[in-house]
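Notes for the one structure printed next.
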Ligand SMILES: Nc1ncnc2c1ncn2[C@@H]1O[C@H](COP(=O)(O)OP(=O)(O)O)[C@@H](O)[C@H]1O
Ligand SMILES: [Mg+2]
């Protein structure tokens, strides 16, 4: 029987090995780009998982935070000639401020006001991207966003971006683990279990929810910035309501209240999405099946693995150990 | 019953109305430092409501509650808890997804200060704080006799031990005032005896405590002072022996439950 701590370490080592293995077994840009997408979505989903799994709140506007990071980086580097790394950091701070302003009034209230506020916010941001004139490039977006670089090393292909994004994902998992094993993490779990009892333990529930919400917005913003510098181009299309929902589905499928659930969910959804795209080449209607299929998957997961794939699989593993 | 000291908790004409129902009706009493006060009364008398008002869960219709002269009413629940008012709940409110130790550690939340950034980076200051809180929590667990169950999921314990987890969680915050809401509810006779002894030991530490209890023998045994509520009104505040002889109290109990 493994101790909790060893299991955690084992999980981390296995994940790191899988991450390291992909570029070793393939140099296909297609597969590597899928790897990058999974990494970027994981970055967003990890934050959203903390919000949904521990703070017990749903955001229906995380695509907008991702978009603010992407557009923030694009605008600051293209229009103002900023250093790309500085632009990423400043865009993340600005996004954090926006999240703070949305979360502050809504998270004090009981109930799912955050979901409604972020839903509206997501729609507004999408409109702003579309109608932003020269600043955002309107519906056609902003092209020619520069690659990231460290000195003369330029992150100009999928492999290099992969090697930038995935260490960040692993770092996020370590940070989440540190958070959850601390006083603040216990406070979050307490809020999830019983808000009344949490408050009787001197926990300011609204402030803790706000903290997680802002953190999740920062994660989304950084992922969006990396996306913009990777594809060198942004337009409003990827940052709409559908992507917000897909992010929520990733968390639900993988399991929010687990370290790896959001990563597993991001991987599962991205792979399924790509399979449908491939299938769409031979069987045209398959292309439009993704929304339906995602709906079916969510229902099945909620029915059979209500805590998500990560916890569900682990429970089965533990049961086998015990037998 | 003369006290020179300033009361630790002053309940001053607290009134709480739900719609047309007066749940707590102009109740006033003082709890002096180090005293353990028993709050008794038939079901629906307003005991839990009074706790809920003092701890900020419900807004009072009128009245005041003072902790060492500082007004509590109007403050949020977490602020009141932060000032050192700890409580347990009549219907158990443990954190079911957490281990026994983590439950109790959560009770010491008010003694930690680390912010988000130091926490996610697990800086040495955070580790030191964690060690300090763990020591506090272990002490509380030992005090209630659950040290050997620290790693067990709290939800897997029998209800009697879950009560002890709640008490340990309240103690881990090293409160100035402890409010226990029917800690013996649902316990076996044997467990109730152990609980009585535990409350006695809490009293011996000098922690000011108010305990709501139905079990009369337990109240008479451990409480120096007893306050009786009936239909929201305070009938009497006196020593246990005087309370047992008080005709109004006897009438209230015989009328409602046919027991004394
Ligand atoms: N949240 C509430 N809303 C409406 N009525 C309530 C609420 N809480 C308690 N009451 C009523 O107030 C009265 C006192 O209840 P309570 O304080 O729980 O009594 P006790 O703890 O003494 O048994 C009861 O009549 C109860 O129904
Ligand atoms: Mg009650």
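Would you say residue A:227 is more than 14 Å from every other protein chain (Cβ to nearest Cβ), under 22 Å from residue A:32 (Cα atoms) and buried (at least 24 other Cβ atoms within 10 Å of the Cβ)? It is true that residue A:227 is more than 14 Å from every other protein chain (Cβ to nearest Cβ), under 22 Å from residue A:32 (Cα atoms) and buried (at least 24 other Cβ atoms within 10 Å of the Cβ). Could you identify the single residue in A:271, A:263 that is under 26 Å from residue A:5 (Cα atoms) and in a helix (DSSP H, G or I)? A:263 is the lone residue from the list that is under 26 Å from residue A:5 (Cα atoms) and in a helix (DSSP H, G or I). Determine, yes or no, whether residue A:235 is over 24 Å from residue A:34 (Cα atoms) and either buried (at least 17 other Cβ atoms within 10 Å of the Cβ) or at pLDDT below 95 (or both). Taking the combined requirement at face value, the residue does not satisfy it. Going by the conditions given, is residue B:184 within 16 Å of ligand 2 (Cβ to nearest atom) and out of contact with any helix residue (DSSP H, G or I) (no Cβ under 8 Å at 6 or more places or on another chain)? Against the criterion (within 16 Å of ligand 2 (Cβ to nearest atom) and out of contact with any helix residue (DSSP H, G or I) (no Cβ under 8 Å at 6 or more places or on another chain)), residue B:184 does not qualify. Restricting the search to helices (runs of 4 or more DSSP H) fully inside region A:1-96 and requiring at least 3 residues that are under 18 Å from the mean Cα position of the chain (by Cα) and crowded, with 17+ Cβ neighbours inside 10 Å gives A:29-53, A:62-78. Taking the criterion of being within 13 Å of ligand 2 (Cβ to nearest atom) and either surrounded by fewer than 24 Cβ atoms within 10 Å (Cβ to Cβ) or more than 15 Å from the chain's Cα centre (by Cα) (or both), the residues of region B:29-45 that qualify are B:41, B:42, B:43, B:44, B:45. I'd like the full set of residues that are farther than 13 Å from residue A:203 by Cα and facing chain A (nearest Cβ under 9 Å), limited to region B:104-117. Selection gives B:114, B:115, B:116.
Applying a threshold of 6 Å to beta carbon distances and a minimum spacing of six or more residues, or different chains, the list of pairs starting in region A:286-308 at a residue that is at pLDDT below 75 and ending at one that is exposed (fewer than 15 other Cβ atoms within 10 Å of the Cβ) and assigned to a helix (DSSP H, G or I) reads A:286/A:279. Of the candidates B:200, B:174, the single residue that is in a loop (DSSP other than H, G, I, E, B), touching a helix residue (DSSP H, G or I) at 6+ places or on another chain (Cβ under 9 Å) and either at pLDDT 90 or above or away from ligand 2 (no atom under 16 Å from the Cβ) (or both) is B:174.
Applying the criterion of being farther than 17 Å from residue B:72 by Cα and within 16 Å of ligand 2 (Cβ to nearest atom) to the residues of region B:10-21, the residue that is farthest from the chain's Cα centre (by Cα) is B:21. Could we say that residue B:198 is touching a residue at least 24 places away in the same chain (Cβ under 8 Å) and either more than 8 Å from chain A (Cβ to nearest Cβ) or out of contact with any strand residue (DSSP E or B) (no Cβ under 8 Å at 6 or more places or on another chain) (or both) here? In short, yes. In region B:23-32, the condition of being over 17 Å from residue B:207 (Cα atoms) and outside the structural domain of residue B:210 (by TED's automatic domain parsing) is met by no residue. Consider region B:46-82 and keep the residues that are part of a helix (DSSP H, G or I) and away from ligand 2 (no atom under 16 Å from the Cβ). The one that is surrounded by the fewest Cβ atoms within 10 Å (Cβ to Cβ) is B:79.
How about region A:167-188: which of its residues are more than 7 Å from chain B (Cβ to nearest Cβ) and within 30 Å of residue B:58 (Cβ to Cβ)? Selection gives A:185, A:188. Summed over region A:189-202, the residues that are in contact with a helix residue (DSSP H, G or I) (Cβ under 6 Å, 6 or more places away or on another chain), part of a helix (DSSP H, G or I) and either facing another protein chain (nearest Cβ under 7 Å) or buried (at least 21 other Cβ atoms within 10 Å of the Cβ) (or both) give a count of 5. If you filter region B:83-92 down to residues that are touching a helix residue (DSSP H, G or I) at 6+ places or on another chain (Cβ under 8 Å) and within 11 Å of ligand 2 (Cβ to nearest atom), you find that the one that is farthest from the other protein chains (Cβ to nearest Cβ) is B:90. Restricting attention to region B:42-71, the residues that are in contact (Cβ under 8 Å) with a residue 60 or more places away in the chain and away from ligand 1 (no atom under 13 Å from the Cβ) total 3.
The values are calculated or read from the model by the stated rules, or taken from the named source; none is laboratory data. These numbers come from a predicted model, not from an experiment. Don't worry about glycine lacking a Cβ; one is built from the backbone with ideal geometry, like all the others, and counts go over all protein chains shown.
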